[in-house]
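S.K.: Before I ask anything, here is the structure I am working with.
The values are calculated or read from the model by the stated rules, or taken from the named source; none is laboratory data. These figures come from a predicted structure and were not determined experimentally. Using ideal geometry, Cβ is built from the backbone for each residue, glycine included, and neighbour counts are taken over all protein chains shown.
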Amino acid sequence: MYSPLTAIAYKQFSPLLLLTSMLVWTAAAQAQKKLITLCTDSSDWPPYTMSEDGKAQGLFIDTVTQAADLSGFSLRVIPTSWPRCLRQVLQGKVDGILPITVTEERLKLFHFPADASKTERSPSMLGRASYMLIASSSIDVSTFSLTSPPQPIRIPYAYSFSNEVAQYDLNIDTDFKNDRVALIDLVRTEKGAVIISKTSAEHYSQQDFFKGKYIVYPEVLYQQQYYLAFSRNSKMTDSEKNRFWQALAKVAAE
């Protein structure tokens, strides 16, 4: 029997029932999302990728996270060593890898977006980085040039262009896991040079340990495009990969 008390009870509990229904629906929707697992280098590369307390962070991580949400996927990004990351993608233990550049060999090993390029801007790329020659501030600037750079030249081992530089008659040292480690060696020895990204050079130049201790040659040596590439052994379909890349392009454009 309907009564004023019934009406009062309904008014009190109907918002709660609605909220409960929404929470259940949201949880069900989340549960239906396909989980995509990516790996990235655990070495810091500010501002693009960084790792803190085992959690991947940075501009590129934010970009793929937004793309996953936009394309209807649940996402997990695992920071690990670069060699291990490459192995896991090749074996299909993770679905994809970021950030990674295009090479002829990698095009055979990994699944890149169709418009991926070594030199041209692509809507599907995560971003683009410029690489500069860095030398100790103790070096005479008048002798500092690209034709006769201070040596040895330190290049972090993960950079694909290190093979191109190695073709020249230069003393190349690639025994460095990231930009910061290469810069530390430069500052401590005050000898040779480093090739790292412009953003890294600017970032570390603000830290007390590095401040005023190195100079950046103004000419850009290399520009590289970075991508999210998927494993050819991933359980993701080509349609799902393309949907993710399309969302990535939309996020990057915005």
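S.K.: Select from the range 184-212 the residues that are part of a loop (DSSP other than H, G, I, E, B) and among the small types (Gly, Ala, Ser) and write down the one among them that is farthest from Glu164 (Cα to Cα).
M.R.: It comes out as Gly212.
S.K.: Then there is this: State all residues of the range 44-65 that are touching a residue at least 40 places away in the same chain (Cβ under 8 Å) and assigned to a loop (DSSP other than H, G, I, E, B); if no residue qualifies, say none.
M.R.: Correct list: Asp44, Pro46, Pro47, Tyr48.
S.K.: From (1) in contact (Cβ under 8 Å) with a residue 40 or more places away in the chain; (2) within 30 Å of Leu186 (Cα to Cα), pick out the condition that doesn't hold for Gly96.
M.R.: Every condition holds for Gly96 apart from (2).
Here is a yes/no grid of residues against (1) of a type in the set (A, V, I, L, M, F, W, C); (2) within 30 Å of Gly92 (Cα to Cα):
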position	(1), (2)
Thr199	no, no
Val216	yes, no
Val220	yes, no
Tyr226	no, yes
Asp238	no, yes
Ala247	yes, yes
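S.K.: Got at least one residue in the range 66-73 being touching a Lys or Arg at 6+ places or on another chain (Cβ under 8 Å) and in a strand (DSSP E or B)?
M.R.: Yes.
S.K.: Residue check, Ile215 against (1) more than 20 Å from the chain's Cα centre (by Cα); (2) not assigned by TED's automatic domain parsing to the domain that holds Ala68; (3) not in a strand (DSSP E or B), all met but one. Which one?
M.R.: That leaves (3) as the condition not met.
S.K.: Still on this model: Can you tell me which condition Asp169 does not meet? The list is (1) in a loop (DSSP other than H, G, I, E, B); (2) closer than 28 Å to Ala253 by Cα, and all the others hold.
M.R.: Answer for Asp169: the failing condition is (2).
S.K.: Determine whether Arg128 is among the charged types (D, E, K, R) and not in a helix (DSSP H, G or I).
M.R.: yes
S.K.: I'm checking my understanding of the structure. Among residues of the range 87-105 that are out of contact with any strand residue (DSSP E or B) (no Cβ under 6 Å at 6 or more places or on another chain) and either closer than 11 Å to Arg232 by Cα or at pLDDT 95 or above (or both), which one is surrounded by the fewest Cβ atoms within 10 Å (Cβ to Cβ)?
M.R.: Looking at residues that are out of contact with any strand residue (DSSP E or B) (no Cβ under 6 Å at 6 or more places or on another chain) and either closer than 11 Å to Arg232 by Cα or at pLDDT 95 or above (or both), I get Gln91.
S.K.: Return the residues of the range 151-160 that are buried (at least 17 other Cβ atoms within 10 Å of the Cβ) and either of a type in the set (A, V, I, L, M, F, W, C) or at pLDDT below 90 (or both); say none if nothing qualifies.
M.R.: Ile153, Ile155, Ala158, Tyr159
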